[in-house]
């Protein structure tokens with residue numbers, strides 16, 4: 001009897017060790033599988049986009065990622081949520097290489113969304129901006145121009161005279177989501193203008209300041225000359241002299257689809273509201289989108305008696321030539337022409 005009990009106890013012990021071994025192996029296998037799912041890179045070899053909508057739950061995001069082939073398992077994403085915590089941010093995400101689920105989760109937690117960088121240089125017109133946006137893949141340039149022409153209500157509080165958004169599409173480098181529409185892009189640029197205006201303290205005579213700044217921006221790219229150029233136009237306005245600025249004439253031609261790439265004498269005789277040879281005072285509105293330095297120059301022109309200048313862009317010496325009298329200006333023009341001839345003979 002004792003022998004039989006020992007045999008039974010021995011059998012039970014052996015069976016217990018087998019169960020324990022199986023249980024341990026199962027745990028190890030599960031841990032190994034979990035580690036494989038969590039830490040082994042997985043995902044697309046080519047560009048794939050996933051849009052996380054505002055208010056999406058962790059479950060919905062995990063299913064989206066699994067469905068798009070970004071992660072192996074939505075359950076691994078839940079585990080990562082438990083490990084990393086943090087809120088998940090909406091936006092467009094771009095995936096183009098295999099990555100562990102921890103990296104995917106961390107990107108969405110940080111809001112590392114995909115955006116296209118578009119740089120708008122100072123002095124760009126709404127036509128220029130539309131062309132850049134089209135080149136970046138946001139749609140036809142004409143669509144942006146139409147928005148700029150139709151959404152002047154965005155400025156009703158700061159410039160009730162504005163007929164378009166021209167002048168208020170602030171030059172900067174913008175990071176824009178690939179699905180953004182033209183109205184949202186225009187609103188973003190206007191918002192950036194408001195920030196710049198606040199920074200400068202621009203809160204009165206906004207229409208006049210921005211219009212003058214746009215002319216200054218188009219007349220010189222030399223920072224130190226901007227206040228001087230602004231002073232020329234201010235002095236001419238004070239004396240009720242026509243501004244006679246070619247960039248304004250060109251803008252009027254652009255609005256009528258009549259710009260031929262070069263300004264001709266006949267263009268100066270074409271009657272548009274922006275022809276500052278024919279019409280006194282400032283043009284009806286901005287002719288481009290000025291940057292901070294031109295806005296500042298228009299707000300605080302230099303104190304000079306200058307009434308004329310030969311623009312730096314036309315002078316081989318690389319600087320504008322300013323004059324207080326027509327006689328002095330004519331000498332500057334003659335000197336400019338001699339410099340052009342010498343430049344051509346070299």
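Here, each number is a calculation from the coordinates, and none is a lab measurement. Given the structure is predicted, the values throughout are model-derived calculations rather than measurements. Cβ atoms come from the backbone with ideal geometry, glycine included; neighbour counts cover every protein chain shown.
Miscellaneous remarks
- In this structure, residue 57 and residue 142 have a Cβ-Cβ separation that, at R0 = 41 Å, corresponds to a calculated FRET efficiency of about 0.55.
- Rg/Rh for region 268-341, where both radii come from Cα atoms and Rh is the Kirkwood radius: 1.01
- Spin-label pair residue 46/residue 333, simplified geometry with 7 Å Cα→Cβ offset, distance in nm: 6.2
- Springs between Cα atoms under 10 Å define the GNM used for the chain, and in it the highest mean-square fluctuation of 268, 83, 165 occurs at 83.
- Considering only 87, 266, 231, the mean-square fluctuation computed in a Gaussian network model of the chain, springs between alpha carbons under 10 angstrom, is largest for 266.
- Restricted to Cα atoms, region 95-246 shows a radius of gyration and a Dmax of 19.2, 71 angstrom.
- Between 141, 298, 324, the Gaussian network model of the chain with springs among Cα atoms under 10 angstrom shows the greatest mean-square fluctuation at 324.
- Gyration tensor over the Cα atoms of region 51-94: the corresponding equivalent ellipsoid has semi-axes (square roots of 5 times the eigenvalues, largest first) of 15, 14, 8 Å.
- Counting neighbouring beta carbons within 10 Å and listing from fewest to most, the residues 88, 65 come out as 88, 65.
- Length added when fully stretched, residue 221-residue 83, from 0.36 nm per residue minus Cα-Cα: 44.3 nm
- With the Kirkwood sum run over all distinct C-alpha pairs, region 199-328 has a hydrodynamic radius of 14.9 Å.
- Relative to the dominant Cα principal axis of the chain, helix 141-150 is inclined by about 70°.
- Residue-averaged 222 nm ellipticity for the chain, from DSSP H runs of 4+ at -39500 (n - 2.57), nearest 500: -16000 deg cm²/dmol
- Sorting the Cα pairs of region 116-200 by distance into bins of 10 Å, from 0 upward, gives 19, 57, 23, 2 percent per bin.
- Whole-angstrom gap from region 113-181 to region 249-304, using each part's C-alpha centre: 20
- Taking the C-alpha atoms only, the angle from helix 58-67 to the longest principal axis of the chain is near 90 degrees.
- Size of the chain as Cα extents on the principal axes (Å, biggest first): 135, 51, 36
- Between the Cα long axis of helix 326-345 and the first principal axis of the chain there is an angle of about 60°, rounded to the nearest 10.
- Footprinting exposure proxy ranking of 93, 105, fewest other C-beta atoms within 10 angstrom first, gives 93, 105.
- 85, 97, 279 arranged by Cβ crowding within 10 Å, fewest neighbours leading: 85, 97, 279
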